[in-house]
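Participant: Attaching a single structure in structure tokens format; questions to follow.
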Amino acid sequence: MENNLRVGIAGAGAIAFGAAAFLEQSGHSPVLWSPSGERTKRLAAGEPLIATGAVEGTFHPGVAQSAEALVADADVILIALPGYGHKHVFDAIAPHIRSDQAVIISSHASFGALYLSKLLAARGITVPIVAWGTTATTGRQPSLVEASVNTVRSKIDLCTVPESRASEGLALCQRLFGDRFVERDGLLAIALSNLNPQNHMGIALCNMTRMEHGETWSQGFNVTPNVGRLLEALDRERLAIAEALGLSVRTIFEHFHLSFHVPQDTVSAMNQKMHEEGRGGTGPATADSRYVTEDVPYGLLMTVKLGEMTECDASLHRSGVEIFSAMYGRNFFAENELLGALALDSMTLDDLKTLCREGYRAQTVPA
């Protein structure tokens with residue numbers, strides 16, 4: 001690979017736009033692919049991408065018209081869209097991935113790295129699949145040619161499947177995004193490192209009427225002491241599951257401190273500090289938000305499943321899935337396509353641990 005890497009980005013939302021701006025600013029060549037084709041039309045017509053906030057500038061990322069085109073010209077593929085779109089994208093890119101490429105999942109959800117490994121193994125291919133515990137940037141997308149980047153995270157947890165490619169995966173991420181990565185002990189640790197689902201559960205549950213009324217409201221300011229205590233209680237369930245698995249993961253206090261550069265304090269106090277500094281963010285202005293539609297089936301549910309497998313209490317997480325299912329008139333327990341495709345319910349914990357270390361074994365494909 002050359003110093004300038006060609007990065008095919010599957011996705012065209014706020015995270016994908018923020019990543020594209022960051023990568024181009026760093027001297028790489030990002031190319032965006034919108035699975036629907038709608039979100040990149042203006043960029044494809046020649047309009048520039050305008051980034052403001054933690055990344056500033058005018059950028060000109062490429063646009064791919066298909067999954068095949070995205071993969072064909074890329075050194076590395078970055079998955080940067082909500083978890084409910086991961087299976088569709090994996091199905092689309094897997095037939096075209098080559099053994100000299102790598103895939104980064106930003107951020108990892110519901111053992112998606114194992115699903116992609118399974119698809120590639122059926123083709124006799126193994127590549128480094130790097131799973132991030134969170135995204136490199138946070139922000140909003142004011143329009144289809146704008147990225148408002150709230151922050152570039154100083155620390156990002158990662159692992160690589162299979163573990164034998166770990167040094168390769170870490171070096172690649174450092175080359176693209178700089179020295180901000182912390183290697184965790186495998187995919188199970190990464191599965192328990194994404195705090196968005198539990199945090200978004202408390203924020204959305206306690207501010208649902210604001211979301212439904214389409215209000216403009218400060219997210220940080222509305223993580224009040226009671227909301228903060230709920231987030232801390234959810235975190236204790238997640239940490240207990242990690243401990244049962246013998247894993248070390250970041251606490252919610254460390255998460256806010258390292259991601260948003262505020263002194264460690266209670267969760268509410270840290271959010272109030274972010275708000276005071278103008279970095280509290282804006283809460284969702286619709287009930288059709290990834291805080292629920294992505295994070296409940298692809299985040300909370302996965303933690304519930306790991307709680308069952310480790311015989312740890314995850315009653316608050318389960319209650320979240322049940323309450324949001326009742327509120328939305330949907331069965332969020334049945335909406336996770338990745339866990340079903342992996343048949344997680346039929347796996348033993350030892351089976352899952354082995355797959356998380358090694359991935360699926362590449363099958364010999366007849367010539």
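The values are calculated or read from the model by the stated rules, or taken from the named source; none is laboratory data. None of the values given here were measured: they were computed from a predicted structure. Every residue, glycine as well, gets a Cβ built from its backbone with ideal geometry; the counts of neighbours run over all protein chains shown. Quick note on the areas: whole protein, heavy atoms, side chains included, nothing else; ligands and nucleic acids left out. Shrake-Rupley method; radii C 1.70, N 1.55, O 1.52, S 1.80 Å.
Participant: Which distance in nm do the two modelled labels at residue 244 and residue 265 give, with both placed 7 Å along the Cα-to-Cβ direction?
Facilitator: Inter-label distance under the simple model: 3.4 nm.
Participant: Right, something else. Where the accessible area of the chain is counted over protein heavy atoms with a 1.4 Å probe, how much of it, in %, is carbon and sulfur?
Facilitator: It is 49 percent, rounded to a whole number.
Participant: Can you tell me which aspartates and glutamates have their Cα less than 19 Å from the Cα of residue 353? Leave out same-chain residues fewer than eight positions away.
Facilitator: Correct list for residue 353: 157, 163, 183, 185, 243, 308, 311, 345.
Participant: Treating cross-link reach as a plain straight distance, find the aspartates and glutamates whose alpha-carbon is under 15 Å from the alpha-carbon of residue 118, omitting any fewer than eight places away in the same chain.
Facilitator: 91, 337, 351, 358
Participant: Please report the Cα spread of the chain along all three principal axes, rounded to whole Å, starting with the longest.
Facilitator: Taking max minus min along each principal axis of the Cα atoms, the chain gives 60, 50, 38 Å.
Participant: Given the C-alpha centroids of region 95-161 and region 239-294, what is the distance between them in whole angstrom?
Facilitator: 21
Participant: Students often forget the sequence filter, so: which aspartates and glutamates lie under 16 Å Cα-Cα from residue 41 once same-chain residues fewer than 8 apart are removed?
Facilitator: Cα-Cα hits under 16 Å: 146.
Participant: With every atom except the alpha carbons ignored, what do you get for Rg and Dmax of region 28-82, in angstroms?
Facilitator: When restricted to the Cα atoms of region 28-82, Rg and Dmax are 11.7, 33 Å.
Participant: Now for a different question. First measure r as the distance between the Cβ atoms of residue 182 and residue 229, then evaluate 1/(1 + (r/R0)^6) with R0 = 35 Å and state the FRET efficiency to the nearest 0.05.
Facilitator: 0.80
Participant: May I ask you to evaluate 6.51 cos²θ - 1.76 cosθ + 1.60, the Karplus curve with θ = phi - 60°, for each residue of region 281-298 and list the ³J(HN,Hα) values in order in whole Hz, giving x for glycine and proline?
Facilitator: x, 10, x, x, 9, 8, 6, 7, 10, 4, 4, 10, 5, 9, 6, 6, x, 9
Participant: Can you list the residues of region 327-351 with backbone N under 17 Å from a point 7 Å past the Cα of residue 38, pointing along Cα to Cβ?
Facilitator: None, by backbone N distance to the label point.
Participant: On to the next question. Between residue 326 and residue 167, what is the FRET efficiency for a Förster distance of 51 Å, r being their Cβ-Cβ separation, to the nearest 0.05?
Facilitator: Step by step, r from the Cβ atoms, then E = 0.65.
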